[in-house]
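Step one of this worksheet: look at the structure below.
Taken together, the values in this text are just the output of simple stated rules run on the coordinates, not laboratory data. Since we're looking at a predicted model, the values are computed, not measured. So basically every Cβ, Gly included, is an ideal-geometry build from the backbone, and we count neighbours across all protein chains shown.
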Amino acid sequence: MIHNDVLRRIRYIFDYDDFQMMEIFANADHAVSRDQVCAWLKPEEDETYLEISDREMAIFLNGFINLKRGKREGDQPEPEEFLTNNMVLMKLRIALNLQSDDVLALLQDTGLKFSKHELTALFRKPGHKHYRKCEDQILRNVLKGLQTKLRNEAGVKPAARSSTRPAAAKQPDAKPKPSNQSTQTSKTNTVWGRK
């Protein structure tokens with residue numbers, strides 16, 4: 001899958017602006033300009049389009065992990081010079097703290113049937129006898145499943161979505177229940193509502 005497409009989809013799913021995208025790179029100790037970010041996000045047919053390299057995409061995903069999971073102390077991991085779909089999927093899985101069942105649910109939501117055994121093969125090291133190459137369709141469907149899960153059709157931002165509650169106005173006779181949102185927030189530190 002073209003890395004620029006993955007970058008565009010991540011930006012859309014999480015509703016990041018140009019400066020937030022720059023900050024993700026900075027989380028991996030790498031500075032990029034707004035012009036670079038804009039050029040990577042342009043459609044391929046645009047004359048100012050610039051293809052993002054494997055190394056730059058690896059830096060972005062490492063920064064995304066740091067953003068979502070916290071920056072580890074000491075030296076940052078060296079970004080890969082060659083990045084496969086398997087590596088992209090693994091980095092997304094780490095960043096979003098996805099368990100196997102979560103990834104399978106995302107795939108199932110997009111109509112792609114996948115077994116746990118097949119999924120495990122995607123995370124094996126190349127050369128392992130059960131290693132399986134992650135095809136573009138698989139990665140595309142994971143991203144599509146994330147989009148469906150984190151954005152509703154009206155385009156609600158993922159960050160705002162967790163705090164929105166069903167409107168009590170639909171039940172005018174009902175008394176509003178006391179909010180226990182503070183306790184819910186502490187339990188929902190990840191995309192999936194668990195620590």
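With Cα atoms as the point set, the radius of gyration and Dmax of the range 1-87 evaluate to 12.5, 41 Å. Taking 20 Å as the cut-off, the amide N atoms of the range 1-33 that come nearer than this to a point 7 Å along the Cα-to-beta-carbon line of Lys42 belong to 2-12, 17-22, 32-33.
Computed from phi, the 3J(HN,Hα) profile of the range 60-72 under the Karplus parametrisation 6.51, -1.76, 1.60 (θ = phi - 60°) reads 4, 5, 5, x, 5, 4, 4, 5, 7, 10, x, 7, 7 Hz, with x in place of Gly and Pro. With a simple spin-label model that places each label point 7 Å from the Cα along the Cα-to-Cβ direction, the separation between His117 and Glu73 comes to 4.4 nm.
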